[in-house]
Structures are given as C-alpha cells and as structure tokens.
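Every read-out reported here was derived from the displayed coordinates using simple, explicitly stated rules and does not represent laboratory data. It should be emphasised that the depicted structure is a prediction, and the values quoted were computed from it without experimental measurement. Virtual Cβ from ideal backbone geometry, glycine too; neighbours counted across all protein chains shown.
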Amino acid sequence: MTASPPTSGDRGPKTDRMPEEPRNGRRTSDAGPRQRAGAERPRVALVHDWLTGMRGGEKVLDAIAEAYPDATIHTLLHVKGSVSQALERHPGRQSFVQWLPGAARHYRRYLPLFPTAIEQFDFDAYDLVISTSHCAAKSVVVPGRATHICYCHSPMRYAWDQFDSYFGPAQVGPWPSRLLRPVLARLARWDRDTAGRVDRYVANSHYVAGRIRRYYNRGSTVVFPPVDTTFYRPEPAAGPEPFLLAVSALVPYKRLDVAIRAAAAVRTPLTIVGRGPEEARLRAVAASAGGDVTFTGWLDDEQIRDLYRRCRAAVMPGVEDFGMVPVEAQACGRPVVALGEGGAIDSVVDGVTGILVKDGSVDAFAGAFRDVATRDFDSAAIRRHAESFSRERFQREFQAVVDDAGSDRESRSAQPDPREVSPRRSDKPTGVSNAARYRQHRDNLAAREDKL
C-alpha cells in the first residue's frame, strides 16, 4: 500500500482532557524505550476488534493504516476478503477465536472469551500500539515502554447501558437474557478495570467522549471519523426523488421500526439498505403499518451512493455514537433527518443540512418527514459542511494526537528515576529521606500530567 501524505483540513482536534492516572495491567520492562538502530520510525501495531466487513469502524482503520503501511493488524478474527484491499495487504495476526467452530458467522457467541483472546497478543516488539475499539481491542496488554493510543468508537454498549437492546427478553428470550446478564456485568467490570491500559483516548464524537469519561473516568481528544468526500459527491443530473433512505445494520438500537411507522404515516416510500437479526421483525412491522418499504440487503458502495444522490433525505432514527451515513449522504448533497442525540449533533446542522428531531417518537419523525419534503435545502451548503469530515482532515488530526502522545512519553522518559539518583552529599543532614524524595518526584509527575 502506498501511503499518501495528509493534507490540510478544516477543523482541529477537540480535547476533552482529564487528569491521566497511571496505567494498570501493563507489562513492565527495564530496557526503557527502544528504537531500531539508525531509524526514527517506531515499530507500529494496529489492533481492531474483528474484520468481517467494511463498515464505519473498518473505514477508520483503513485511514489510520494508510499512514503505517508496514504495521501488523491484530484482530480477534479476520474473514478473508471482507475488507478493503489496502487492509488485506497488511500482515495480520488473529486470536484463537479465528479457529473456533462457526466463528466467521457467529463470532458474537464467543463474546465471553474475548477478554482472554485479546490479552494473549504479544506486543513486546512494538513501540507504538494503535487500537480502534468498540469492544475488546482497547484492553490489549502492551509493554510499559510502548505508547498505546485508542481510537474509541464507544465503550461496550451491550455491557454498559444497552444490554436490553441486544440481550433483553424481547431479543433472546427470558431465560437466555437472565443467564447473560451476569456475564455482561462481569464483562463491563473487565472493560472498566482495563481502561488504564491506554495512554491516550481518542473519541469519535463528543457523545462518545462523555461515555469514556462516564465509564472509564478518562479524558479524550475528539477526532471525527473520516468520510471519503471524493467518492461521495453530488450528481447534478440526479434530482431528489420522493423516497427516504436508511442505510443501517438491522439491529434493535437503530430503531428502524420508528422510521418504518413514520414513513407509513405520511405515505412516503422508504428504502432500507442493510441486513441483520431484526430483518424478519422489521418486515412484519412494515406489513402491519401498511408502508411502502423496500429492503435491499447490503449493496456495494456505488449503488449506495446512487441512492444517496436520488433520495429525498437520509434517515437516522437511533442514537449513534457518530454515524457515517449522515455525513456520506450530506457529501452527496442530500439532507438528513436524525434523532437530535448522540453523534448526530456533531454531524448535522439543524435547519441547514437536515433536521434534528428532538423527540424520538413516531409522530415526531412523521412531522420531520413532512417538513423535509417541503423544505428547499441548499445542496451546495450541505456539501461544504460534509467536506469538513474528509479523510485528509482525519489523518492530519489523528497524527497530531499520535505526535503529541509521543512527545509526552519522551518528556517523561527524560526525567531521572529517583530510585537511581544518589542523595546529595552535604556536611549537614538534609532531614529528607530517599523515600520522601521519591514521593515528591511522583507527586510532581502527577501534577505535570494533570496540566496536560
């Protein structure tokens, strides 16, 4: 893969920093920071939860990996051919989950094994570890001399505040739900206890920065995910047609049933692109509501781009951590109707590039669908807004975080270890013990980090 240099973007990284506590669960090394002789380039490892398709998280990984063409990608499992050619060309290492029965299709069934699997990777040969995580990737164990930066899509939703959406009685049945609750509670405790293994958190939205602060008690820098604004662009000849578009995995928290019922209420066709365990239920909802709903399954990027260009508006009725679909639709010049919570607040300008619905009810979305059908949105203004989420902007901002984290580590490494500094000779006793000097040095380091 050929790495292209980052170019200037429109906005800088946002920082939501808190005092950083010492990391726990780390392998220590007395060797200190190491570099290859005569080389400044660090040895880099990338970590991703799983590679089974080219969705939003994989597009972020692809943009990061472009800057590190020699980096090895560590992942719980990798379905060959499921991601971009650029990612497929990277050397890779998989956990034992890769070889479990049926893992390629049913890997989520092995969720209780993910902590053990992710902790077995060996990173002793690396200077920089970059994880992109929404599940277990952020909890890898790296040597104490290495820097670990985590691009966090979200703390585990199903282990924290969205258990019922994934494993509630309505999704898996009453008894499985009861059995799974203590398992996910234990997973949440592990997720919290391993949060200190990361040197620097990067959040994909201000909403996720809040979740990182709430569940991990850590600060973070906000860098919005990249969107390929060169590929997703308007087609002047393709005017809007009277249908709404949802591009989404068919899972409970996406709340596509709200979009189906609201579209049926205003007699507007709705096209849904995607697959998932909710498909049968959503088809039943569409039939009972009497809506004009088309389920296409997953389509290739060119087909999705064509739908973006032709739709009246893209729809996002659920709370998203960020949400790539709204930005892709806006890059094609089309407005977005989204719930006014979560990442949509960062990506949609209410009244300019779309409509933020304050109430998640069917009636509220039906009203927004009527509104978007009669408003005359400025496609050029929508496009200009989307350009601020470009891939080049992401690469520039993320690299700034990497460079800053490296500078922090170098400055800390330059400080003398108080355990190796001999006490000053003096004709008069100082009255200060070596242990007291060490405590003072530790406090000074903590105070310095508090200011970062």
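Which entries of 80/254; 80/138; 138/358 show an alpha-carbon separation above 25 angstrom in the structure shown? Please report the intermediate quantities before stating the final value.
Working: 80/254 27 Å; 80/138 23 Å; 138/358 33 Å.
Among 80/254; 80/138; 138/358, the Cα-Cα distance tops 25 Å for 80/254; 138/358.
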Please list, in chain and number order, the residues 5+ apart from residue 131 or on another chain whose amide H is under 5 Å from its amide H, with Hs placed from the backbone.
47, 149, 150, 151
Point-to-point label distance, residue 407-residue 79, nm (Cα→Cβ direction, 7 Å offset)
4.3 nm
Of 287, 373, 259, which is farthest on the positive side of the dipole of region 244-387, counting Cα position, with +1 on Lys and Arg Cβ, -1 on Asp and Glu Cβ, and the Cα centre as origin?
287
Taking R0 as 25 Å and r as the Cβ-Cβ distance between residue 361 and residue 296, the FRET efficiency 1/(1 + (r/R0)^6), rounded to the nearest 0.05, comes to 0.40
Normalised contact order of region 244-387, rounded percent, pairs of Cα under 8 Å and 6 or more residues apart:
23 percent
Quick one: work out the % antiparallel among DSSP beta bridges in region 244-387, nearest 5.
5 percent
When only Cα pairs under 8 Å and 6 or more residues apart are kept, what is the percent relative contact order across region 180-284?
19 percent
Which cross-chain or sequence-distant (5 or more) residues have an amide H under 5 Å from the amide H of residue 311, H modelled 1.01 Å from N in plane?
241
Between the alpha carbon centres of region 268-306 and region 320-349 the gap in Å comes to 19 Å
Using the Cα centre of region 124-218 as origin and beta-carbon charges of +1 (Lys, Arg) and -1 (Asp, Glu), tell me which of 136, 147, 166 is placed farthest towards the positive end of the dipole.
166
Using the Karplus equation 6.51 cos²θ - 1.76 cosθ + 1.60 (θ = phi - 60°), what ³J(HN,Hα) coupling, rounded to whole Hz, does each residue of region 61-73 give in order, writing x for Gly and Pro?
4, 4, 5, 5, 5, 4, 7, 10, x, 9, 5, 8, 9
Counting only the backbone N, which residues of region 255-292 are under 16 Å from the spot 7 Å out from the Cα of residue 106 toward its beta-carbon?
277
How far apart, in nm, are the 7 Å Cα→Cβ label points at residue 284 and residue 399?
5.2 nm
Peptides 279-287, 136-144 ordered by average Cβ neighbours within 10 Å, highest first:
136-144, 279-287
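Expressed in nm to one decimal, what extension gain is obtained for the pair residue 375 and residue 88 from 0.36 nm per residue of sequence separation less their Cα-Cα distance?
On the way: separation 287, 0.36 × 287 = 103.32 nm, distance 4.38 nm.
The residue 375-residue 88 span can extend by a further 98.9 nm.
Could you size up the charge dipole of region 244-387 around its Cα centre, putting +1 on the beta carbon of Lys and Arg and -1 on that of Asp and Glu, and report it in debye to the nearest 20?
Charge dipole of region 244-387: 420 debye, to the nearest 20.
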Listed residue (318, 270, 244) projecting farthest to the positive dipole end of region 188-331, Cβ model:
318
